[in-house]
Amino acid sequence: MKAATHPNYHMIKVVMTNGTEFMTRSTLGKEGDTLNLDIDPNTHPAWTGGSQQLMDRGGRLSRFNSRFSGLSFGKK
């Protein structure tokens, strides 16, 4: 491998939104820096299964439902 082509990994502290901390290797900043997360797996809806509402803008959703309501994809 070529010398000096890989980033410099070092240990940083990551602080989650609920205050928990852990150490990890990163290329961010310098040794001992702190990364404060605004969004993490404890709060983000993608991981927590947050409720998301479908909004019908301009009747698109109702048009889709009326067009494809008769199709059954493996339902029994």
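No value in this document is a laboratory result; all are computed from the given coordinates. Predicted model only: the values in this text are computed from it and were never measured. Here the Cβ is made from the backbone with ideal geometry for all residues, glycine too, and neighbour counts use every protein chain on show.
Structure data summary
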| item | result |
| --- | --- |
| Pairwise label distance in nanometres, Asp33 with Ser69, each label 7 Å out on the Cα-Cβ vector | 5.5 |
| Hull volume in cubic angstrom per residue (convex hull over the Cα atoms of the stretch 1-43) | 84 |
| Chain lengthening between His6 and Thr20 when straightened (0.36 nm per residue, less Cα-Cα) | 2.0 nm |
| Summed side-chain charge close to Thr17 - residues other than Thr17 whose Cβ falls under 11 Å, Lys, Arg +1, Asp, Glu -1 | -2 |
